[in-house]
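Bear in mind that the values in this text are calculations on the coordinates, not laboratory data. Because the structure is predicted, anything quoted here is derived from the model rather than measured. In this analysis, Cβ positions are derived from the backbone assuming ideal geometry, glycine residues included, and neighbour counts consider all displayed protein chains.
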Amino acid sequence: MTILVTGGAGFIGSNFVHYWVAHHPEDRIIVLDKLTYAGNLRNLESVANKIRFVKGDICDHELVFSLVKDVDRIVHFAAESHNDRAAMDPESFLRTNIFGTYNLLDAARQHQIKRFHHVSTDEVFGHLPLDGGSFNEQSLYAPRSIYPASKAASDHFVRAFYHTHGLPITISNCSNNYGPYHFPEKIIPLFICNLREGKKVPVYGDGLYVRDWIHVEDHCRGIEAILLKGRVGETYCLGGKESEISNLELTKKLLALTDRDESFIEYVKDRPGHDRRYSIDYSKAQRELGWEPTIGIDEGLKNTVDWYANHQAWVDEVRSGAYQDYYEKQYVTR
């Protein structure tokens, strides 16, 4: 089959492309990515001869419709996702996450594709108290900042197309991802890079904000299970393997892995609307799909630290901005 992967040059999208190429070599993959700051064509360098890459915007009606007519399935990762950026530029989040998703849905409806899988976040459910509870597929939507509010709206549009037009959709709401190709403004890669360079790491507030971390490979396996076994119209929550820890505990684990002590922690002013805790109950995916996460936080963090140590050239290109010239060199001037 032919799969259109939106946002396939980003962190999670590129990992999914690598995973699908390795496990389903008979399928054809088209990657559509706008190559904003978070899209890096270097992420796909090793599979470039096994995919078709198209630079473009999911909001581009003509482009999207021309691509969707030739695909069987869409796996929709493309999104603005950084909470700090959302506070400074909320309009781009509305445009990409809401209108872009609608544009894809409309094309999928008109061309009658076999499956539209929408990759969402647990942040649409708001946050939890520190003393218990987990999100599941029945949790009420209660987003508290721009990014999850825009993702919540896109989730509703996806369901509306299922109920109104019979579009065969599935949705996954996933906890925080980490692993290879993670853009270094996010907490884990930022802290790894800073600590390896002997720089301090900024911890928001009291550091007790809790996240449920899932290794990106487990996430890719979860999406695969949904595409192959998931029931049309259903939502599946995907979470990590015993990986619910506070930011401070996470920081201490990274300090140990990089041979640094707690003097490298710098507490900084908290950000507005900072959600206190996330936790995912993935029992539905376990029960219906036979999926469960396999990579624990200690194993996953060690592997991630090692990956960044072995890919310093990638880090340097991202931090200097040189990665943004790669498309011109590979696709325009050759």
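Quick check on residue 113: is it β-branched (Val, Ile, Thr) and touching an Asp or Glu at 6+ places or on another chain (Cβ under 8 Å)?
yes
Test of understanding: among 295, 280, which residue is closer than 25 Å to residue 76 by Cα, surrounded by 14 or more Cβ atoms within 10 Å (Cβ to Cβ), of a type in the set (Val, Ile, Thr) and touching a Lys or Arg at 6+ places or on another chain (Cβ under 7 Å)?
Result of the check over 295, 280: 295.
Among the listed residues 91, 26, which satisfies the condition of being loosely packed, with under 15 Cβ neighbours inside 10 Å, free of Cβ contacts under 8 Å to residues at least 12 places away in the same chain and either in contact with a Gly (Cβ under 7 Å, 6 or more places away or on another chain) or assigned to a helix (DSSP H, G or I) (or both)?
91
Restricting to segment 254-285, name every residue that is among the charged types (D, E, K, R) and touching an Asp or Glu at 6+ places or on another chain (Cβ under 9 Å).
Correct list: 270, 271, 275, 277, 281, 284.
I need the helices (runs of 4 or more DSSP H) fully contained in segment 240-334, keeping only those with at least 2 residues that are within 30 Å of residue 31 (Cβ to Cβ) and either in contact (Cβ under 8 Å) with a residue 12 or more places away in the chain or in contact with a helix residue (DSSP H, G or I) (Cβ under 7 Å, 6 or more places away or on another chain) (or both).
283-289, 297-310, 312-320
Run residue 66 past the list (1) free of Cβ contacts under 8 Å to residues at least 12 places away in the same chain; (2) in a loop (DSSP other than H, G, I, E, B) and report the number of the one that doesn't hold.
For residue 66, the exception is condition (2).
Return yes when residue 99 is surrounded by fewer than 19 Cβ atoms within 10 Å (Cβ to Cβ) and of a type in the set (Phe, Trp, Tyr) and no when it is not.
Yes.
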